[in-house]
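A.B. asks: There's a structure below that I have some questions on.
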Amino acid sequence: MPNRKDDMYGDHISHQFNDDLSSLKNDFLKMGGLVEQQTLDAVNALIDGDGHAADEIRARDKVVDKMEMELDEEATRLIARRQPAARDLRFVISVIKMVADLERVGDEAKKIAKFALTLAEEGQAPRGYVEVRHIANHVTSMLHDALDAFSRLDAEQALRIMKEDKRVDEEYQAAARTLLTFMMEDTRNISRCMAVMWVLRALERVGDHACNIAENVIYMVEGEDVRHTPLEDAEKVVSGE
C-alpha cells in the first residue's frame, strides 16, 4: 500500500522548485546506493581474501567524500535560492543530516576493506566469518530499506528499521562473545580475531546509521523528531496517537 504522503513534495507552483527537490532526492539515493554497494563489496573482499578488491574499495572512498560535498552544496544552494518552509525545509535539512550518515557508512566500508587487506596478506582465514556475513546481510538490508523508506516517504517502514537496530546490537554482542572464546582457546588467534571484531563493530555502526536515516524519514513525514526517544514514543508518532 503506498504511503499517504508519497506526493507531499510534488505540489509546488514552481516547476523548477519541484525539479530542484527531485534532483536533491535522486542525488541522495545515488550516494546511498554507492555506499550500500561499497559495504557489500568490502565484506565480500574480506571473506574471499581478495586484497586487490579491498584496495580498490579503499580508493573509491574519495568518490563518496566528493558526493557528500556536492550534496551539501546542492542543499545549501536550494535553501538560499528557494527559501523553503515547513515540510520542504524539513526535507532539505533531513537530507543534509542523512548525507552525513551515508558518508560515515562509506567510512565504515573503508575500515572493513582495510582489515580485509590485512587479513588477505596474512593468508589465513580466521574464525568469525559466518557471523560477519550474517550481520552484514542484516545491516545492508536495513540500509537498503531505509533508502527505500526515504524514496517513498514511508514512515511505517522507517519505524520497522528502527526496531531492527536492537536485534543488530544483540547479534553483534553474541558474535563478539564467540570470538572471545576463540581467542581464549588459542592465543595465536588473537590478532586475526581482533581484526574480525573491528569488522563486526564497523557493521554494527552501519546499522546505527541506517537507523538514523529512518529517524529522519519519520521527521520528514510526520514533523516530529524521534531521535533519543523511546521506541514506543516513535510508534505513537507514526500511528498518529
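The values are calculated or read from the model by the stated rules, or taken from the named source; none is laboratory data. Predicted model only: the values in this text are computed from it and were never measured. All Cβ positions, glycine included, derive from the backbone under ideal geometry; neighbour counts span all protein chains shown. The accessibility values were calculated without ligands, DNA or RNA, using every heavy atom of the protein model including side chains. Shrake-Rupley method; radii C 1.70, N 1.55, O 1.52, S 1.80 Å.
A.B. asks: Suppose we filter VAL226, VAL196 for residues that are open to solvent by less than 70 Å² (accessible area, probe 1.4 Å), under 29 Å from GLU131 (Cα atoms) and among the aliphatic types (A, V, I, L, M); which single one remains?
C.D. replies: VAL196
A.B. asks: Sticking with this structure for a sec: Select from the stretch 126-149 the residues that are assigned to a helix (DSSP H, G or I), within 30 Å of SER191 (Cβ to Cβ) and in contact with a Lys or Arg (Cβ under 8 Å, 6 or more places away or on another chain) and list them in ascending order.
C.D. replies: HIS138
A.B. asks: OK, next. Enumerate the pairs (first residue in the stretch 27-38 and of a type in the set (Lys, Arg); second residue anywhere and modelled with pLDDT of 95 or more) with beta-carbon separation below 9 Å, excluding pairs fewer than 6 apart on the same chain, so at least 6 apart or on different chains.
C.D. replies: Taking only residues 6 or more apart or on different chains, the pairs are LYS30/MET67.
A.B. asks: Here are the criteria: (1) surrounded by fewer than 19 Cβ atoms within 10 Å (Cβ to Cβ); (2) farther than 25 Å from ARG192 by Cα; (3) of a type in the set (Phe, Trp, Tyr). Tell me which single one TYR129 does not satisfy.
C.D. replies: (2) is the only condition that TYR129 fails.
A.B. asks: Can I ask one more? Does ALA146 meet the test of being of a type in the set (A, V, I, L, M) and more than 24 Å from PRO230 (Cα to Cα)?
C.D. replies: Criteria not met by ALA146.
A.B. asks: For ILE161, are the conditions met, namely being at pLDDT 95 or above, buried (at least 21 other Cβ atoms within 10 Å of the Cβ) and in contact with a Leu (Cβ under 6 Å, 6 or more places away or on another chain)?
C.D. replies: Answer is no for this residue.
A.B. asks: Exactly one condition in (1) more than 13 Å from the chain's Cα centre (by Cα); (2) buried (at least 21 other Cβ atoms within 10 Å of the Cβ); (3) farther than 16 Å from LEU24 by Cα is false for GLU156; which is it?
C.D. replies: (2)
A.B. asks: Just to be sure before I move on: is ALA86 within 17 Å of the chain's Cα centre (by Cα), closer than 20 Å to ALA214 by Cα and not basic (Lys, Arg) in the structure I sent?
C.D. replies: Considered against the rule, which asks whether it is within 17 Å of the chain's Cα centre (by Cα), closer than 20 Å to ALA214 by Cα and not basic (Lys, Arg), ALA86 comes out as no.
A.B. asks: Please verify whether the stretch 88-105 includes one or more residues that are open to solvent by 80 Å² or more (accessible area, probe 1.4 Å) and in contact (Cβ under 8 Å) with a residue 24 or more places away in the chain.
C.D. replies: Yes: the stretch 88-105 contains one or more residues that are open to solvent by 80 Å² or more (accessible area, probe 1.4 Å) and in contact (Cβ under 8 Å) with a residue 24 or more places away in the chain.
A.B. asks: Taking GLU170, is it at negative phi, modelled with pLDDT of 90 or more and among the acidic types (Asp, Glu)?
C.D. replies: In short, yes.
Table: residues versus (1) under 21 Å from ILE57 (Cα atoms); (2) hydroxyl-bearing (Ser, Thr, Tyr); (3) open to solvent by 60 Å² or more (accessible area, probe 1.4 Å); (4) touching a residue at least 40 places away in the same chain (Cβ under 8 Å).
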site	(1), (2), (3), (4)
ALA109	yes, no, no, yes
ASP165	no, no, no, yes
THR178	no, yes, no, yes
ASP186	no, no, no, no
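A.B. asks: Still on this structure, I have one more. I'd like to verify a number: residues in the stretch 199-223 that are open to solvent by 40 Å² or more (accessible area, probe 1.4 Å) and either free of Cβ contacts under 8 Å to residues at least 40 places away in the same chain or not in a helix (DSSP H, G or I) (or both), how many?
C.D. replies: Total satisfying the criteria: 1.
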